[in-house]
Amino acid sequence: MSTLQASRLREDPARNELVSRSLESAQQCLFNQDYGTAFVHYLLVLNLAPMLKDFARESFRFTLFKWADELDSVGRVQDLFNCFEQALELFPADEVILNSMGEHLFRMGFRDEAAGHFHKALKLKPDYPEARENFYRVANWLVERWHFLMLNDRGRNQKYQQAIQKAVERGCNTVLDIGTGTGILGMCAKKAGAAEVFACELSKTMYELACEVVTANGMKGGINILHKKSMDMEVPKDIPHRVSLVVTETVDAGLFGEGIIESLIHAWHHLLLPPQTGRVIPAGATVFGMAVESVEIRRHHRLCVSEVGGLSLGAAGQLHSPVSCTADADDSLEPYTTERLSRIPGGYTALTEPFRALDIDFNNVTELEGLSSRETQRLHLPVTQEGNLDALAVWFQLHLDQESSLSTGPQEDTCWEQAIYPIQNPNSVALRPGDQLVVDVSCRDSFLRLCSISVVRDGHEIRLDPHLSVDTQQPGTNPNPTPTASELCSALAGLQTHQSPPRETCVLECSEIALLNNRHYHQSFNQALDTLLTGLALAKENSSAVGPVNPTTDPNDDLLYFLDVSEGFSLLPLMAARHGHVKAYSSVEKSQHQDVLRRLAGANGVHERRLEFWLNQANEEDPAVLKRPSREKLWSAIVLDCVETCGLIRQRLMEKASLEGGRVFPERIVLYGMLVESDTLLLESAVQGQEPTLGFNIAPFINQFTVPVHVFLDFSTLDCRHLSESVELFVLDLMKASANYTNREVKVRATSSGRVTAVPFWYEIHLDPEVSVSTLSQDSHWKQAAVVLQPSLEVRTGDWVCLAVQLHKSSISMSARIDNEDASAGLPAVAMTTS
Ligand code: 44T
């Protein structure tokens, strides 16, 4: 304590007494690990004597974090956040506290709020690596990546601008931009000369961005931006009077997913002038669909294998992805997912011509209101191409006005993805020319729903989902009652249906389904497990042969303990348990998923005692401590899932790797990368100057949310030029977690001239010295990631590029420079720094 502080304290003896006693108590409690009491004492001290803040900051933070962990572990969420709020009242600009609160928020699923905290922490201290890493992980939620794509799509921006300009010139003088994003359409209206422009945006981050952007473009007074959902707006509270033009692009790949129908119905009733005087851009839309074959869609949405890793999957029941569009009324699953078909790995085949699924006029409120009560429309689509029915793909044309429209189709060169309605029949549906595919189109709870009902072949109609209660008899088809599925199955060679009674169904994530479908992955694990378990069993036999024999020993004594700490559904414990003399611990949490594993255990001859779900046993006092097998001191083997589906190393991997144990699976992962030139990656990560955004200054604002690592990349279909061979970038030894280096410089030779804009990377996962799996393989459930270099680097053929790779905790960063010196040896020079 400084003498100044000491002298100030002296001014009020009673208060000083209280402060110093409380401080002492705080320190004592801290020493006794009574963090709750220590925290209260610190709060008192710092509120009474703010001049002690600097002195006590470190211990206060430490106390807070410890206490928060305790509150967290007993589920006292509200208390936890109250503590953080009290702490932030005392230290509003403390980046460490902000970051830590962000981490708690994130873990509890409050991603937007978490991101806000990381962003604040980073603004306070731009070189704070923890906050930076955290921010990069969540920036995607705050400002979704499609904003960059849409803003970079000059064609789209220009079409909207022209339509808006025409409308304003024809007398639409008051404008509301619904879902303004960065404010671009509102600015178009203002620039076109609209007298009054209003804009609303429901996301807080986007609203704040729009305000910054509009100010920077000198339109602060000209556009009134509200942080509101349009449906919560009223005249005159939010806008003084009704407007003559609503502009909006609140549409997703499936057109209705952002709620455009509800927003427009509300706007027509409350915010817009009556039709003729009032109008909407876009004026309407036409939705198209098409049946497709795609291996990539198939392997992510339904189980395509009956056996993996020596396990028969017959007893698994019906497993499907969380994306499902059935005729069931109370179907709460997402009806579609999205893909950019032009870039889908493995390509796709169109099995029908594109068909018109729906037309909608946004300027007709009766039509909008009638949409959800429109009768289901049944379409008969001629099959034009032989192939497996894997999905219906949907896109649309947005009619901005009479003359101009935008298309989101698979053939167009746009930023748009298509909506994908996967088929989840347990058996494949082989279509051939001459067949008719029967599809129902309806519009329920604001989603367009497309459902493949049946296939008509040679006058017979065969249902794709035999549990449907709808009557499939159609004019023009066989007038006889629908034959049973099995009759038709034998009659219609090649077209199979599911014949068994309803089975247990269970939903898995798309990546979990793709993993189950990955034979090679499971085979590799099986091989490595075999080697390991045989080796361990032999070693055990040898040691017990020399030791004293104890006849009372528990038979469990000679078991090998196998722990799988993978997140998500995993068959590995079951595969291990099948090897005899193994007790396997699975980290699968959901009871439905545990049931599937239990059924599979039963059907594959694994005794139920040999498979346990360790997360069930976490004890009350300390849920984080895993109950170890009582006899055995160590795990014989621990399995880690090192790489997340998105292509990043799993967070806290090294902490998991240092669990006491014998063998760690995998033992080593090797990171590979390649220099590439890819404009696509640039367009997806940052707005490229003012040119695409019609001269408006938007880039510097939204680009604050640029992240240097692009995830969920498909390197196999990325539009890019390879500027080098692939090169080993980093090795992570999981058996010796502490021995890893954190920085490495790798030299790589440019094989072509060009501009290095990115370094895509992937992993070779070494299970043992002989067996490895690559996250780049065709049937992998992993995607890849790429570091986008800022700025990019010009190279000429033969140049040596020095890549400095850094691994901080589990996040990778890279920088590149040309380094043509010392390359004479011909071998890549490598420098490493250990942690
Ligand atoms: N993504 C397209 C969907 N909003 C576009 O908060 C295409 C996805 C996409 N604000 C790859 C490529 C693409 N009142 O900021 C959002 C949203 C806001 C509203 C106020 C309302 N009623 C709403 C409704 C939405 O509007 C903004 C635009 S939504 C556009 C969605 C490039 N993946």
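The values are calculated or read from the model by the stated rules, or taken from the named source; none is laboratory data. This is a predicted model, so every value here is computed, not measured. In this analysis, Cβ positions are derived from the backbone assuming ideal geometry, glycine residues included, and neighbour counts consider all displayed protein chains. Calculation scope for accessible area: heavy atoms of the full protein, side chains included, ligands and nucleic acids excluded. Shrake-Rupley method; radii C 1.70, N 1.55, O 1.52, S 1.80 Å.
Where only protein heavy atoms count, and the probe is 1.4 Å, what is the accessible area per residue for the chain in Å²? Present the calculation step by step, with values, prior to reporting the outcome.
Working: 37020 Å² over 835 residues.
It amounts to 44 Å² per residue over the chain.
Of all the accessible heavy-atom surface of the chain, with the other protein chains kept in place and a 1.4 Å probe, what percent is carbon and sulfur?
Numbers: 18280 of 37020 Å².
The computed percentage sits at 49.
Quick one: accessible surface of residue 108, probe radius 1.4 Å, all protein chains present, in square angstrom to the nearest 10.
Estimated to the nearest 10 Å², residue 108 gives 50 Å².
If 41, 300 are ordered by their accessible area, calculated over protein heavy atoms with a 1.4 Å probe, which sequence runs from highest to lowest?
Details: 41 50, 300 25 Å².
I get 41, 300, largest accessible area first.
Take every DSSP beta bridge with both residues inside the chain and express the antiparallel ones as a percent of the total, to the nearest 5.
Numbers: 102 of 138 bridges.
Bridges in the chain that DSSP calls antiparallel: roughly 75 percent.
Quick check: from the Cα gyration tensor, does segment 142-265 come out rounded (a/c under 1.5), prolate or oblate?
Working: a/c = 1.22, a/b = 1.11, b/c = 1.10.
Judged from the Cα gyration tensor, segment 142-265 comes out rounded (a/c under 1.5).
Between the alpha-carbon centers of segment 34-61 and segment 319-377, tell me the distance in whole angstrom.
For segment 34-61 versus segment 319-377, the Cα centre distance is 57 Å.
How large is the accessible surface of residue 781 in square angstrom, using a 1.4 angstrom probe and rounding to the nearest 10?
It works out to around 20 Å².
What does the net charge come to around residue 63 if you take all other residues with beta carbon closer than 15 Å to its beta carbon, with K and R at +1 and D and E at -1?
Values: positive: 53, 57, 61, 66; negative: 24, 34, 58, 69, 70, 72, 79, 94.
It works out to a net charge of -4.
Mind giving me the nanometre distance, one decimal, between the label points for residue 505 and residue 697, set 7 Å out from Cα along Cα→Cβ?
Inter-label distance under the simple model: 5.5 nm.
Only loop residues by DSSP count here, and only those with at most 15 other Cβ atoms within 10 Å; note down the GluC sites (Glu not before Pro) in segment 127-178 that meet that.
Details: sites: 130, 133, 144, 169; in loops: 144.
Those that pass, being in a loop and sparsely packed, are 144.
Just in segment 170-222: which trypsin sites (Lys or Arg not before Pro) are loop by DSSP and have at most 15 other Cβ atoms within 10 Å?
Values: sites: 170, 190, 191, 204, 220; in loops: 170, 220.
Hits after loop and neighbour filter: 170, 220.
Please pull out the direction-averaged projected area of segment 307-359, using the convex hull of its alpha-carbon atoms, in nm² to one decimal place. The partial results should precede the final answer.
Working: hull surface 27.9 nm².
That works out to 7.0 nm².
Quick one: what are the phi-derived ³J(HN,Hα) couplings along segment 802-812, Karplus 6.51/-1.76/1.60 with θ = phi - 60°, whole Hz, x for glycine and proline?
9, 9, 9, 9, 10, 10, 10, 6, 10, 10, 9
Could you list the GluC sites (Glu not before Pro) in segment 684-781 that lie in coil according to DSSP, counting only those with at most 13 other Cβ atoms within 10 Å of their Cβ? Before the final figure, lay out the partial values.
Working: sites: 684, 725, 728, 745, 764, 770; in loops: 725, 770.
Within segment 684-781, the qualifying GluC sites (Glu not before Pro) (loop, at most 13 other Cβ atoms within 10 Å) are 725, 770.
Quick one: Cα centre-to-centre distance for segment 772-825 and segment 271-289, in angstrom?
Going from one Cα centre to the other spans 48 Å.
Between rounded, prolate and oblate, where does segment 5-112 land on the alpha carbon gyration tensor, with a ≥ b ≥ c its root eigenvalues, rounded for a/c under 1.5, else prolate if a/b exceeds b/c? Mind dumping the intermediate values first?
Values: a/c = 2.79, a/b = 1.83, b/c = 1.53.
Prolate, because a/c is 1.5 or more and a/b exceeds b/c.
Mind running the shape call on segment 202-273? Use the C-alpha gyration tensor, a ≥ b ≥ c as the square roots of the eigenvalues: rounded below 1.5 for a/c, prolate if a/b tops b/c, oblate otherwise. Walk me through the numbers on the way to the answer.
Values: a/c = 2.01, a/b = 1.21, b/c = 1.65.
Oblate shape, in that a/c is at least 1.5 and b/c is the bigger or equal ratio.
From a point 7 Å beyond the Cα of residue 432 in the direction of its Cβ, which residues of segment 350-393 have a backbone N at a distance under 14 Å?
Taking a point 7 Å out along Cα→Cβ of residue 432, the residues of segment 350-393 whose backbone N falls under 14 Å are 383-388.
Under a 1.4 angstrom probe, counting protein chains only, how are 206, 51, 219 ranked by accessible area, largest first?
Values: 206 5, 51 45, 219 25 Å².
Accessible-area ranking of 206, 51, 219, largest first: 51, 219, 206.
Near the amide H of residue 288, under 5 Å away, which other amide H atoms are found, from residues 5 or more places off or on another chain, if H is placed in the peptide plane?
357, 395, 396, 397
Any chance you could list the semi-axes, whole Å, largest first, of the equivalent ellipsoid that the Cα gyration tensor gives for segment 77-185, using √(5λ)? Let's see the in-between values first.
Numbers: eigenvalues 310, 50, 29 Å².
That gives 39, 16, 12 Å for the three semi-axes.
Running Debye on segment 686-804 with equal point scatterers at the Cα sites and no solvent, what base-10 log of I(q)/I(0) appears at q = 0.12, 0.23 Å⁻¹?
Summing over Cα pairs of segment 686-804 leads to -0.61, -1.39.
Please work out the FRET efficiency for the pair residue 158 and residue 790, using the Cβ-Cβ distance as r and a Förster radius of 35 Å; give the result to the nearest 0.05.
On the way: r = 27 Å, r/R0 = 0.77.
That gives a FRET efficiency of 0.80.
Measure out, as a whole number of angstrom, how far apart the alpha-carbon centroids of segment 168-230 and segment 294-313 sit.
49
Take each uninterrupted DSSP H stretch in the chain, measure its Cα extent along the helix axis, and return the ones at 24 Å or beyond whose mean Kyte-Doolittle hydropathy is at least -1.0.
Those that clear 24 Å and a mean of -1.0 are 13-31, 53-73, 519-546.
Can you list the aspartates and glutamates whose alpha carbon is less than 18 Å from that of residue 220, not counting same-chain residues fewer than 8 positions off?
177, 196, 201, 208, 212, 238
For the chain, what is the relative contact order in percent, using Cα pairs closer than 8 Å and at least 6 residues apart in sequence?
Reported as a whole number, the value is 9 percent.
Amide H to amide H, which residues 5 or more places from residue 808 or on other chains are under 5 Å from it, using H placed in the peptide plane?
Excluding prolines and chain starts, which carry no amide H, the hits are 813.
Using the Kirkwood formula on the Cα atoms of segment 251-397, what hydrodynamic radius do you get, in angstrom to one decimal? Could the numbers behind the result be given before it?
Values: mean 1/r = 0.0551 Å⁻¹.
After inverting the pairwise mean of 1/r, the radius is 18.2 Å.
Structure shown: which of 747/809; 66/120; 123/783; 166/237; 120/590; 125/228 lie over 26 Å apart, alpha-carbon to alpha-carbon?
On the way: 747/809 23 Å; 66/120 22 Å; 123/783 31 Å; 166/237 29 Å; 120/590 35 Å; 125/228 31 Å.
123/783; 166/237; 120/590; 125/228, as the Cα separations exceed 26 Å there.
Where the convex hull is taken over the Cα atoms of the chain, what is its projected area averaged over directions, in nm²?
45.7
Would you kindly find the accessible area of residue 124, with a 1.4 Å probe and non-protein molecules such as ligands, DNA and RNA excluded, rounding to the nearest 10 Å²?
90
Taking residue 53 as the anchor, which aspartates and glutamates have their alpha carbon closer than 20 Å to its alpha carbon, excluding any fewer than eight residues away along the same chain?
Residue 53 reaches 11, 12, 17, 24, 85, 89, 94, 95.
Where does the chain land at 222 nm, in deg cm²/dmol rounded to the nearest 500, when only DSSP H runs of n ≥ 4 count, each adding -39500 (n - 2.57), divided by all residues? Don't skip to the end; give the middle numbers.
On the way: 23 runs with 262 residues, N = 835.
Result for the chain: -9500 deg cm²/dmol, rounded to the nearest 500.
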